1. What does the C-alpha gyration tensor say about the overall shape of the stretch 90-144? Classify as rounded when a/c is under 1.5, otherwise prolate if a/b is larger than b/c, or oblate.
2. Where does each of 26, 136, 106 land when they are ranked from fewest to most other beta-carbon atoms within 10 angstrom?
3. Is the shape of the stretch 68-169 best called rounded, prolate or oblate, per the rule: a/c under 1.5 gives rounded, else a/b larger than b/c gives prolate, else oblate, with a ≥ b ≥ c the square roots of the Cα gyration tensor eigenvalues?
4. Per DSSP H run of n ≥ 4, the term is -39500 (n - 2.57); total these for the chain, divide by its residue number, and report the mean residue ellipticity at 222 nm rounded to 500 deg cm²/dmol.
5. If you take the square roots of the eigenvalues of the alpha-carbon gyration tensor of the stretch 43-124 and sort them as a ≥ b ≥ c, do you get rounded (a/c under 1.5), prolate (a/b over b/c) or oblate?
6. I need the Debye-formula profile for the stretch 3-162: one equal scatterer per C-alpha, no solvent, reported as log10 I(q)/I(0) at q = 0.12, 0.15, 0.18, 0.19 1/Å, two decimals.
7. Neighbour counts of other C-beta atoms within 10 Å: give me 59, 79 arranged from fewest to most.
8. What is the fewest-to-most order of 6, 101, 113 by other Cβ atoms lying within 10 Å of their Cβ?
């Protein structure tokens, strides 16, 4: 099995799991915060998709879907916002409809699948920053998409557990 097949399989499972974990939740469950500075469930797939969108476009070129397709306007946020700088007030105020998050999440996933499918070995081994020669396109997929994504999926499952819910199978 080649690297692209592994990446696509892992990312497919990640995206499927995010959808399975969130699809039947009520707004109260989606927006629940265990503490004032804790993430809500709704924040996590959105933030992950923003990271995936930016990383894939930095790796393969073009403008992130967030900006190019005006998603930031649909969410009422700035074109540069990715959630990493959100404080407690911003997280508490972040209450988009799940359908909006899912639609953006899906659009980003579709771009990622096509970019990875069409990537050559040279694309995957290309260094993105000469000052960090170990940060190749492949390493970006492994760390920012796969590692970061599973970390946030674990948070979703933990927050569901705090609310007395099992995680999806």
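A short reminder: the numbers here are calculations on the coordinates, not readings from a lab. Bear in mind the structure is a predicted one, so any value in this text is a computation, not a measurement. A quick note on method: Cβ atoms are made from the backbone with ideal geometry, for glycine too, and the neighbour counts reach across all protein chains shown.
1. Because a/c hits 1.5 or more and a/b fails to exceed b/c, the stretch 90-144 counts as oblate.
2. So the residues, fewest neighbours to most, are 26, 106, 136.
3. Verdict is prolate for the stretch 68-169.
4. Calculated at 222 nm, the ellipticity per residue is -18000 deg cm²/dmol.
5. Because a/c hits 1.5 or more and a/b exceeds b/c, the stretch 43-124 counts as prolate.
6. Debye intensities relative to I(0), on a log10 scale: -0.52, -0.80, -1.11, -1.22.
7. Starting with the residue having the fewest Cβ neighbours, the order is 79, 59.
8. Ascending Cβ contact count within 10 Å gives the list 6, 113, 101.
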